[in-house]
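Let me begin by handing over the structure; questions about it come next.
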Amino acid sequence: MKLIVCENADKLGELAAERAAALISEAIKERGQARILLSTGASQFAFFEHFTKCDVDWNKVEMFHLDEYVGISKTHPASFNFYLTNRFVNKVHPGKYHLIDGTADPAETIKQLTEELDKSPIEVGLIGIGENAHIAFNDPPADFEDSRAYKVVTLADRCLQQQIGEGWFKNKAECYKQAISMTCKKIMECRHIISAVPYKVKAEAVFKTLTENAVTPDVPATLLKTHEDVYLYADKDSASLLDGDTVKKFS
């Protein structure tokens with residue numbers, strides 16, 4: 001894992017987007033296409049602002065996303081389907097994309113997504129880290145051994161509080177309690193992983209991810225450190241709990 005500490009969230013988004021675009025363009029040049037995996041949430045706003053302006057042959061890009069709430073309409077402002085439709089799909093018009101319909105039967109949705117994913121590897125995965133250090137909706141203690149592509153999970157209280165804190169829901173009663181989430185094992189199959197993690201609310205998660213010696217389900221993002229190519233982009237706020245030695249170690 002390589003750590004890049006940026007001045008602010010906007011610069012973080014710019015650099016993460018540039019790296020993602022370069023990897024995608026390289027894959028298109030070598031293999032004629034690129035499959036990507038996208039995350040969502042308030043922490044990814046700056047990334048998408050820059051990413052959608054990158055010089056990429058989007059017609060040769062196929063997109064998947066990490067998760068979606070069970071039961072949520074794709075027109076709901078908190079839906080990740082809605083998020084990606086407006087912040088990515090409608091801006092770059094990728095050649096192919098797989099948006100998860102939260103109102104469809106979860107078992108059938110997972111079956112269809114798995115069939116598509118199994119066709120060829122994901123080139124670039126944009127994997128955010130939650131306030132509780134989850135990756136996708138794999139809250140602690142995460143299951144690192146589940147070999148499925150996606151599964152239905154029940155969201156932890158800390159995860160629900162994050163969604164409220166980001167303004168997607170007014171209170172816990174409004175929150176959707178379950179989601180379809182990509183598993184940890186499937187995430188780790190991406191050829192390259194970019195993790196864009198800005199803001200003070202993510203400082204504890206970044207600290208635990210980098211300073212925890214063990215790879216532990218209690219800090220799911222520690223699993224990313226076992227991948228061959230992970231770039232973690234932090235800003236000064238999300239890196240604020242790290243000491244100089246830790247920054248130097250991962251830089």
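Here are a few candidate values for mean projected area of the Cα convex hull in nm²: (1) 17.5; (2) 19.7; (3) 12.1. Which one was actually calculated from the structure I just gave you?
Checked against the structure: label (3).
Decide, for the stretch 68-201, between rounded, prolate and oblate: order the square roots of the alpha carbon gyration tensor eigenvalues as a ≥ b ≥ c, take rounded if a/c falls under 1.5, and otherwise choose prolate if a/b is larger than b/c, else oblate.
Numbers: a/c = 1.31, a/b = 1.19, b/c = 1.10.
Rounded is the answer for the stretch 68-201, as its axis ratio a/c remains below 1.5.
Let me ask you something else. Would you list LYS185, LYS74 from the most to the least accessible area, probe 1.4 Å?
Numbers: LYS185 90, LYS74 110 Å².
Largest to smallest exposure gives the sequence LYS74, LYS185.
Something else: Computed over the Cα atoms, what is the radius of gyration of the stretch 180-221 divided by 2.2 N^0.38 Å, N being its residue count?
Rg over 2.2 N^0.38 Å, computed on Cα atoms: 1.29.
May I have the convex hull volume per residue, in Å³, for the Cα set of the stretch 1-102?
103 Å³
With an 8 Å cut-off on Cα pairs and a minimum separation of 6 or more residues, tell me the relative contact order of the chain in percent. Don't skip to the end; give the middle numbers.
Numbers: 520 pairs, mean separation 66.0, N = 251.
Result for the chain is 26 percent.
Which of the lysines could be linked to LYS29 by a straight reach, that is with a Cα gap under 30 Å, when you skip same-chain ones fewer than 8 residues away?
Correct list for LYS29: LYS2, LYS11, LYS53, LYS60, LYS91, LYS96, LYS119, LYS185, LYS186, LYS225.
Now for a separate question. Can you tell which of ASN138, ILE194, ASN171 lies farthest toward the positive end of the dipole of the stretch 122-204, using +1 and -1 charges on the Cβ of basic and acidic side chains (Lys, Arg; Asp, Glu)?
Towards the positive end, the residue furthest out is ASN171.
Just the accessible area for ASP101, please: 1.4 Å probe, Å², rounded to the nearest 10?
50 Å²
Rounded to the nearest 0.05, what FRET efficiency do SER120 and LYS172 give with R0 = 51 Å and r taken as the Cβ-Cβ distance? Could you check? If you can, show how the numbers build up before the last one.
Working: r = 40 Å, r/R0 = 0.78.
Plugging the Cβ-Cβ distance into 1/(1 + (r/R0)^6) gives 0.80.
Let a ≥ b ≥ c be the square roots of the eigenvalues of the Cα gyration tensor of the stretch 80-119; is it rounded (a/c under 1.5), or, if not, prolate (a/b larger than b/c) or oblate? Present the calculation step by step, with values, prior to reporting the outcome.
Details: a/c = 3.95, a/b = 1.48, b/c = 2.68.
Since a/c reaches 1.5 but b/c is at least a/b, the shape of the stretch 80-119 is classed as oblate.
Right, another one. Grab the beta carbon distance between SER73 and GLU108, set R0 = 22 Å, and tell me the FRET efficiency rounded to 0.05.
0.80
Could you order TRP168, TRP58 so the one with the most accessible surface comes first? Probe is 1.4 Å.
I get TRP168, TRP58, largest accessible area first.
The values are calculated or read from the model by the stated rules, or taken from the named source; none is laboratory data. In this text, all values refer to a predicted model and were calculated from it rather than measured experimentally. We place every Cβ from the backbone using ideal geometry, glycine too, and count neighbours over all the protein chains shown. Protein only, heavy atoms only, side chains kept; ligands, DNA and RNA dropped before computing areas. Shrake-Rupley method; radii C 1.70, N 1.55, O 1.52, S 1.80 Å.
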